[in-house]
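Peer 1: One structure, pasted below without further comment.
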């Protein structure tokens with residue numbers, strides 16, 4: 001048996017959770033211990049091969065422009081990728097696997113669990129996208145969410161779909177930052193004592209509301225100027241960030257929102273919630289964590305933009321590709337996601353290696369590995385992705401969205417770790433808390 | 001010293017490491033988006049390459065209607081899987097092309113892009129460049145005849161064929177040009193795919209082929225039919241990725257005496273400002289942009305993106321005096337340009353061009 005085990009989350013057990021909450025998956029991730037079936041590094045290598053195989057097969061079937069369904073249009077595929085991420089987060093982080101019973105989670109074969117929970121995820125995904133956004137929101141509220149209504153107004157079918165999917169995916173991007181923020185920053189307080197599904201529904205509604213608020217203040221104006229003339233009576237035009245960001249594009253917000261999302265997950269994984277975990281007062285810790293993550297994210301947001309200016313010269317308003325401010329902002333978000341992939345692998349499959357030094361030393365080493373691996377992944381992606389993913393060459397091509405394959409890979413990691421207990425490379429043993 | 005003030009080497013290094021990490025993050029935020037950062041950014045050098053001057057440039061729009069119905073074209077693309085699908089796999093016309101020899105998908109919707117550049121040199125001589133060669137063979141041939149291109153080709157009056165990029169609507173009409181002048185000299189980008197090169201062979205090309213350098217931005221000379229450099233004219237290759245799995249676009253600079261630089265493009269996938277910046281940093285006199293002709297690839301399918309509004313805002317400071325846009329510029333974009341007060345030259349909406357908002361088929365523009 002391997003000395004190196006892998007645990008899916010550094011989320012501490014929730015003190016004070018009612019015993020009834022254990023009927024479902026409350027604290028399942030924290031109490032589960034995944035142990036490699038073979039000596040290290042074989043479980044990690046097997047897992048990487050397994051992930052890569054599932055990634056490539058599913059990419060070919062669903063996304064690849066040379067493949068079967070060709071959803072990388074790009075926004076259709078991008079939307080599903082984003083929503084898979086948020087639905088998986090909801091199922092596990094917000095709802096604690098509800099309605100699956102703890103006994104079922106512990107005793108069912110991981111492959112079967114993966115299949116069943118993935119199927120449920122897909123059903124939720126389709127109901128949300130096609131029911132809530134395309135039908136309800138699109139037909140009763142905001143026209144741009146409806147493909148049919150937008151087509152009726154004269155937009156071609158292709159762009160009607162692309163615009164609707166863009167709006168949908170932006171909502172998911174915001175939610176994928178805010179929804180996990182609640183458990184990660186506030187330990188689900190003040191609703192941590194509620195049973196499931198009450199707690200999940202409450203946090204879902206609260207974070208959905210906050211996501212809606214941020215969506216309306218950021219991406220709604222972006223959507224409103226997609227149409228001619230600008231829809232100035234229903235949205236602020238020109239968007240309020242125009243002069244500061246050097247672009248009217250909502251990519252300015254994609255950048256900082258992605259920075260917030262990635263910093264949050266890095267904090268939750270390889271940082272093991274340090275340094276904010278040093279704050280003993282729960283309420284203060286919650287606010288410090290949330291706003292501290294936002295502050296770090298904004299540093300990355302501006303810092304990576306500056307690095308692009310150093311590399312390629314100042315951006316030029318109205319120019320395209322490498323020199324376009326809107327692409328530079330988007331690319332900040334893309335850069336960040338490249339760092340998230342190795343960070344999650346270190347946590348999910350390497351038990352947050354190393355663990356043998358002090359907390360700070362471990363933290364520094366993990367960050368160092370993540371930075372080096374993220375840069376390597378960035379280079380490999382742009383040098384080779386057009387060969388094996390069917391995407392276009394060149395990093396700033398308008399249809400080049402590395403966030404699609406990287407988040408697709410992250411989705412597979414989440415499903416593999418959260419739904420399937422890292423099977424087949426690992427097996428689950430009970431860990432005492 | 002008291003023990004309580006003692007710091008171990010390990011603790012010191014840990015604090016140093018963590019402090020450096022957070023200090024780096026903090027400085028990224030505090031410094032990098034302030035005016036202070038400008039001191040690290042390089043100055044933009046003016047270009048020094050002298051390409052000479054011409055007296056006058058006259059461009060005839062042979063065809064700017066690459067397709068006649070946006071919905072049909074976009075639905076074809078949608079059905080095939082979006083904007084990144086390899087164009088050579090489409091069953092669009094012409095029949096017999098490499099990869100997918102079918103050519104029966106909406107041939108009635110296919111048009112093409114082509115333009116004739118009439119360059120009057122300072123000594124009064126004229127040089128002619130055929131920019132692109134259309135798409136659907138029937139339509140291309142019809143427009144060639146209506147503009148007299150067929151006769152000019154037969155009479156060896158045209159110095160060269162300049163293919164801006166490999167896209168179907170600019171390149172797949174090559175057999176029509178070959179029908180009249182198979183030994184014409186031809187300029188292509190440096191990153192044509194194998195299907196494109198096979199298509200050139202299959203089209204019966206027998207002339208001299210000038211291929212730009214692969215994956216490299218560069219200026220290059222354009223020669224007349226006698227192999228002499230045309231003064232005042234230069235090509236520029238932009239290694240940019242383009243939809244439908246095409247790579248690279250080349251465009252033309254013409255330096256018009258007492259006016260400035262005219263930028264002539266097929267689709268300008270590199271971006272009109274990128275093109276202008278290339279003139280600024282490469283050409284002597286490149287800081288005097290005068291005019292534009294061609295597709296600017298902004299809203300080719302009458303789609304929109306907020307970044308295109310950035311262009312509408314940003315174009316003004318370049319001071320173009322004559323904008324002869326059409327084709328993939330999009331009618332919507334042309335209207336926004338006019339609303340912003342830019343000097344867009346109106347068209348006459350003849351020969352199946354649908355709008356007077358920009359130059360159409362059969363229209364002529366002169367610089368100056």
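Peer 1: Could you pull out the residue among A:226, A:193, A:210, A:204 that is in contact with a helix residue (DSSP H, G or I) (Cβ under 7 Å, 6 or more places away or on another chain) and not in a helix (DSSP H, G or I)?
Peer 2: A:226
Peer 1: Going by the conditions given, is residue A:252 in contact (Cβ under 8 Å) with a residue 12 or more places away in the chain and at the interface with chain B (Cβ under 8 Å from one of its Cβ atoms)?
Peer 2: So residue A:252 fails the test.
Peer 1: Sticking with this structure for a sec: Residues A:409, A:348, A:419, A:339: which one is within 13 Å of chain B (Cβ to nearest Cβ) and in contact with a helix residue (DSSP H, G or I) (Cβ under 6 Å, 6 or more places away or on another chain)?
Peer 2: That would be A:339, the only listed residue that is within 13 Å of chain B (Cβ to nearest Cβ) and in contact with a helix residue (DSSP H, G or I) (Cβ under 6 Å, 6 or more places away or on another chain).
Peer 1: State all residues of segment B:313-330 that are touching a strand residue (DSSP E or B) at 6+ places or on another chain (Cβ under 6 Å) and either closer than 19 Å to residue B:64 by Cα or part of a loop (DSSP other than H, G, I, E, B) (or both); if no residue qualifies, say none.
Peer 2: Answer for segment B:313-330, where residues must be touching a strand residue (DSSP E or B) at 6+ places or on another chain (Cβ under 6 Å) and either closer than 19 Å to residue B:64 by Cα or part of a loop (DSSP other than H, G, I, E, B) (or both): B:320, B:321, B:322, B:323, B:324, B:327, B:328, B:329.
Peer 1: A follow-up question, please. What's the total number of residues in segment B:286-306 that are closer than 14 Å to residue B:271 by Cα and either surrounded by 23 or more Cβ atoms within 10 Å (Cβ to Cβ) or touching a strand residue (DSSP E or B) at 6+ places or on another chain (Cβ under 7 Å) (or both)?
Peer 2: 7
Peer 1: Residue A:56 - would you say it is touching a helix residue (DSSP H, G or I) at 6+ places or on another chain (Cβ under 8 Å), within 21 Å of residue A:121 (Cα to Cα), modelled with pLDDT of 95 or more and within 14 Å of another protein chain (Cβ to nearest Cβ)?
Peer 2: It is false that residue A:56 is touching a helix residue (DSSP H, G or I) at 6+ places or on another chain (Cβ under 8 Å), within 21 Å of residue A:121 (Cα to Cα), modelled with pLDDT of 95 or more and within 14 Å of another protein chain (Cβ to nearest Cβ).
Peer 1: Take residue B:105 and decide whether it is touching a strand residue (DSSP E or B) at 6+ places or on another chain (Cβ under 6 Å) and surrounded by fewer than 21 Cβ atoms within 10 Å (Cβ to Cβ).
Peer 2: no
Peer 1: Give the residues of segment B:42-64 that are in contact with a helix residue (DSSP H, G or I) (Cβ under 8 Å, 6 or more places away or on another chain), surrounded by 22 or more Cβ atoms within 10 Å (Cβ to Cβ) and not in a strand (DSSP E or B), sorted by residue number.
Peer 2: B:64, the sole residue that qualifies.
Peer 1: Testing residue A:157 on (1) out of contact with any helix residue (DSSP H, G or I) (no Cβ under 7 Å at 6 or more places or on another chain); (2) free of Cβ contacts under 8 Å to residues at least 12 places away in the same chain, one condition comes back false. Which one is that?
Peer 2: (1)
Peer 1: Of all residues in segment A:28-83, how many are touching a strand residue (DSSP E or B) at 6+ places or on another chain (Cβ under 6 Å), surrounded by fewer than 21 Cβ atoms within 10 Å (Cβ to Cβ) and in a helix (DSSP H, G or I)?
Peer 2: Result for segment A:28-83: 0.
Peer 1: Out of segment A:278-301, which residues are surrounded by 21 or more Cβ atoms within 10 Å (Cβ to Cβ) and within 26 Å of residue A:246 (Cβ to Cβ)?
Peer 2: Correct list: A:293, A:296, A:297, A:299, A:300, A:301.
Peer 1: Could you list, in sequence order, all residues of segment A:276-315 that are farther than 25 Å from residue A:170 by Cα and within 7 Å of chain B (Cβ to nearest Cβ)?
Peer 2: Within segment A:276-315, A:309, A:310, A:313, A:314 meet the criteria.
Peer 1: Looking only at segment B:269-298, which residues are in a loop (DSSP other than H, G, I, E, B) and either within 9 Å of chain A (Cβ to nearest Cβ) or without any contact (Cβ under 8 Å) to a residue 12 or more places away in the chain (or both)?
Peer 2: B:269, B:270, B:271, B:297
Peer 1: So if I check each of A:129, A:86, A:124, which one is surrounded by 16 or more Cβ atoms within 10 Å (Cβ to Cβ), under 25 Å from residue A:202 (Cβ atoms), free of Cβ contacts under 8 Å to residues at least 40 places away in the same chain and away from every other protein chain (no Cβ under 14 Å)?
Peer 2: Step by step, each of A:129, A:86, A:124 is checked, and only A:124 is surrounded by 16 or more Cβ atoms within 10 Å (Cβ to Cβ), under 25 Å from residue A:202 (Cβ atoms), free of Cβ contacts under 8 Å to residues at least 40 places away in the same chain and away from every other protein chain (no Cβ under 14 Å).
Peer 1: Only residues that are closer than 19 Å to residue A:164 by Cβ and in contact (Cβ under 8 Å) with a residue 12 or more places away in the chain: list them for segment A:213-226, please.
Peer 2: A:215, A:218, A:219, A:220, A:221, A:222, A:223, A:224, A:225, A:226
Peer 1: Do we have any residue at all in segment B:331-349 that's in a helix (DSSP H, G or I), within 14 Å of chain A (Cβ to nearest Cβ) and over 23 Å from residue A:231 (Cα atoms)?
Peer 2: no
Peer 1: Look through segment B:14-39, keep the residues that are more than 7 Å from chain A (Cβ to nearest Cβ) and over 45 Å from the mean Cα position of the chain (by Cα), and return whichever of them is nearest to residue A:311 (Cα to Cα).
Peer 2: By that ranking, first place goes to B:20.
Peer 1: Then there's this: Can you tell me how many residues in segment B:299-311 are over 19 Å from residue A:329 (Cα atoms) and either at the interface with another protein chain (Cβ under 7 Å from one of its Cβ atoms) or not in a loop (DSSP other than H, G, I, E, B) (or both)?
Peer 2: Counting residues in segment B:299-311 that are over 19 Å from residue A:329 (Cα atoms) and either at the interface with another protein chain (Cβ under 7 Å from one of its Cβ atoms) or not in a loop (DSSP other than H, G, I, E, B) (or both) gives 2.
Peer 1: Here's another thing I want to ask about it. Please pick out the residue among B:75, B:99 that is surrounded by fewer than 23 Cβ atoms within 10 Å (Cβ to Cβ), in contact (Cβ under 8 Å) with a residue 12 or more places away in the chain, out of contact with any strand residue (DSSP E or B) (no Cβ under 7 Å at 6 or more places or on another chain) and in the same structural domain as residue B:196 (by TED's automatic domain parsing).
Peer 2: Of the residues listed, the single one that is surrounded by fewer than 23 Cβ atoms within 10 Å (Cβ to Cβ), in contact (Cβ under 8 Å) with a residue 12 or more places away in the chain, out of contact with any strand residue (DSSP E or B) (no Cβ under 7 Å at 6 or more places or on another chain) and in the same structural domain as residue B:196 (by TED's automatic domain parsing) is B:99.
Peer 1: Condition first: over 28 Å from residue B:27 (Cα atoms), in contact (Cβ under 8 Å) with a residue 12 or more places away in the chain, more than 14 Å from chain B (Cβ to nearest Cβ) and touching a helix residue (DSSP H, G or I) at 6+ places or on another chain (Cβ under 9 Å). Can you find one or more residues in segment A:365-383 that meet it?
Peer 2: Scanning segment A:365-383, I find at least one residue that is over 28 Å from residue B:27 (Cα atoms), in contact (Cβ under 8 Å) with a residue 12 or more places away in the chain, more than 14 Å from chain B (Cβ to nearest Cβ) and touching a helix residue (DSSP H, G or I) at 6+ places or on another chain (Cβ under 9 Å), so the answer is yes.
Peer 1: For segment A:260-276, indicate whether the set of residues that are over 18 Å from the mean Cα position of the chain (by Cα), closer than 18 Å to residue B:24 by Cα, in a loop (DSSP other than H, G, I, E, B) and in contact (Cβ under 8 Å) with a residue 24 or more places away in the chain is non-empty.
Peer 2: Yes, segment A:260-276 has at least one match.
Peer 1: Among residues belonging to segment A:384-406 that are more than 13 Å from every other protein chain (Cβ to nearest Cβ) and surrounded by fewer than 19 Cβ atoms within 10 Å (Cβ to Cβ), point out the one that is nearest to residue A:311 (Cα to Cα).
Peer 2: Top of the filtered list is A:384.
Peer 1: It is to be established whether one or more residues within segment A:324-333 are closer than 22 Å to residue A:366 by Cα and modelled with pLDDT of 95 or more.
Peer 2: Yes, segment A:324-333 contains a residue that is closer than 22 Å to residue A:366 by Cα and modelled with pLDDT of 95 or more.
Peer 1: Also, quick follow-up: Out of all the residues in segment B:163-173, is one or more assigned to a helix (DSSP H, G or I), out of contact with any helix residue (DSSP H, G or I) (no Cβ under 6 Å at 6 or more places or on another chain) and under 22 Å from residue B:58 (Cα atoms)?
Peer 2: Yes, the conditions are met somewhere in segment B:163-173.
Peer 1: When residues of segment A:144-158 are filtered for being at the interface with chain B (Cβ under 9 Å from one of its Cβ atoms), surrounded by 24 or more Cβ atoms within 10 Å (Cβ to Cβ) and not in a loop (DSSP other than H, G, I, E, B), how many remain?
Peer 2: 1
The values are calculated or read from the model by the stated rules, or taken from the named source; none is laboratory data. Not measured: the values here are computed from a predicted model. Glycine gets a Cβ as well: all are built from the backbone with ideal geometry, and neighbour counts include every protein chain shown.
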